[in-house]
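These notes concern the structure reproduced below.
The values are calculated or read from the model by the stated rules, or taken from the named source; none is laboratory data. All values reported here derive from a predicted model rather than from experimental measurement. For neighbour counting, all protein chains shown are included, and Cβ atoms are generated from backbone atoms with ideal geometry for every residue, glycine included. Surface areas here come from the heavy atoms of the whole protein model, side chains and all, with no ligands, DNA or RNA. Shrake-Rupley method; radii C 1.70, N 1.55, O 1.52, S 1.80 Å.
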Amino acid sequence: MNTEELKARGLPEHIAIVMDGNGRWAKQKGMPRTAGHKEGLAVAKKIAAAAASLGVKYVTFYTFSTENWKRTQEEVGYLMGLIKSRLRSEFDFYKKNGIRIAHIGDLSRLPEDVQNEIIQVQKDTEHFTGTTCVLAINYGGRNEIVRAVEKLVRSNQEISEESIQASLDICPDVDLLIRTGGEKRLSNFLLWQAAYAEFVFTDTLWPDYNEEDFYKNIEEFQKRSRRFGGVLNQ
């Protein structure tokens, strides 16, 4: 696909991705679920680089949800270890692509060593001016809204749509939400920010997803008519 034509037609400012299918991909190949997560990380890097090359302002990856703690201790431990070991070790990749790392989610409930890695990688990349790669780790849409309201109550602020919006984690409204793996649901992801997002669902399992799929999903977004509850002029 001609990426210059894609850029000329207007890119979504914020793309959010539910990276679903790692476990099923591994099972199909007779491998442990952890192998799927390792491959999924490699794909996330490719898509982050593709987004940076296009000039997409934000891309958010649903990395670990507030519900994922229900998984086996082995799988949760592997995922926490993967986050801890790979976040800062990818600094050269971030630098090459101008990627700034940001985090959304309840940081306080993560292991302390993982918290420290997340905090440090945000500091290390805060001066990069390309794509902001937002990692949703220990993130849940309902949890985010509750935390936002709690902030307002503690500070005696008026609760309104505007004040809640300002108190949410650092994540702008979503233009395009992509979910791989064949499921067609939000799974508690960016419930507030996705109010007027365009959804694209694909049966492709995340480890099989590639840059061409990403470009095609953006192209699908560009074909949509976004009315935001109104009516387009005829």
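Taking 19 Å as the cut-off, the amide N atoms of region 48-89 that come nearer than this to a point 7 Å along the Cα-to-beta-carbon line of residue 127 belong to 88-89. Each other residue within a Cβ distance under 13 Å of residue 187 adds +1 if Lys or Arg and -1 if Asp or Glu, for a net charge of +2.
For the chain, modelled as a GNM whose springs connect Cα atoms under 10 angstrom apart, the maximal fluctuation among 209, 196, 94 occurs at 196. Tally Lys and Arg at +1 and Asp and Glu at -1 over the other residues with C-beta under 14 Å from the C-beta of residue 126: what net charge comes out? Net charge around residue 126: +3.
Straight Cα distances below 25 angstrom link residue 151 to the lysines 123, with same-chain residues fewer than 8 positions distant left out.
Spin-label pair residue 38-residue 113: with each label point 7 Å from Cα along the Cα-Cβ axis, the two points sit 1.8 nm from one another. For region 38-84, the spherically averaged projection of the C-alpha convex hull amounts to 3.8 nm².
A Stokes-Einstein calculation at 4 °C with viscosity 1.567 mPa s, built on the Kirkwood radius of region 43-172 over Cα pairs, returns a diffusion coefficient of 82 µm²/s.
Could you grab the Rg to Rh ratio for region 4-59? Cα atoms only, Kirkwood for Rh.
Across region 4-59, the Cα-based Rg/Rh ratio is 1.13.
Global size of the chain: 17.8, 57 Å for Rg and Dmax (C-alpha atoms, Rg to one decimal, Dmax whole). Of all accessible surface on region 1-62 at a 1.4 Å probe, what whole percent is carbon and sulfur? About 47 percent, which is the carbon plus sulfur part of the accessible surface. A run of the chain free of exposed loop cleavage sites, with GluC sites (Glu not before Pro) counted only in DSSP states other than H, G, I, E and B and at most 16 other beta carbons within 10 Å, reaches its longest extent at 68-125. Would you mind classifying region 109-234 by shape? Square roots of the alpha carbon gyration tensor eigenvalues, ordered a ≥ b ≥ c; an a/c under 1.5 is rounded, otherwise it is prolate if a/b is larger than b/c and oblate if not. Oblate, because a/c is 1.5 or more while a/b does not exceed b/c. Compute the signed sum of charges (Lys and Arg +1, Asp and Glu -1) over the other residues within less than 9 Å, Cβ to Cβ, of residue 147. Surrounding charge for residue 147 is -3.
Helices meeting the span-like rule in the chain (full DSSP H runs, Cα extent of at least 30 Å along the helix axis, mean Kyte-Doolittle score of -1.0 or higher): 33-54.
Accessible surface area normalised per residue over region 156-216 is 49 Å², counting heavy atoms of protein chains with a 1.4 Å rolling probe. Look at the alpha carbon pairs under 8 Å that are at least 6 residues apart: their mean separation over the length of region 46-170 gives a relative contact order of 34 percent.
Available extension along the chain between residue 150 and residue 71 is 25.6 nm, counting 0.36 nm per residue and deducting the alpha carbon span. Within a straight-line Cα-Cα reach of under 15 Å, residue 38 can be paired with the following aspartates and glutamates, leaving aside sequence neighbours fewer than 8 residues apart in one chain: 20, 74, 75, 90, 208. For residue 223 and residue 95, the FRET efficiency from 1/(1 + (r/R0)^6), where r spans their Cβ atoms and R0 equals 25 Å, is about 0.10.
Of the solvent-accessible surface of region 98-234, computed with a 1.4 Å probe over protein heavy atoms with every protein chain present, carbon and sulfur atoms account for 45 percent.
My understanding is that a pair violates if its Cα-Cα distance is over 22 Å; which of 45/184; 7/57; 29/184; 7/216 do that in this structure?
45/184; 29/184
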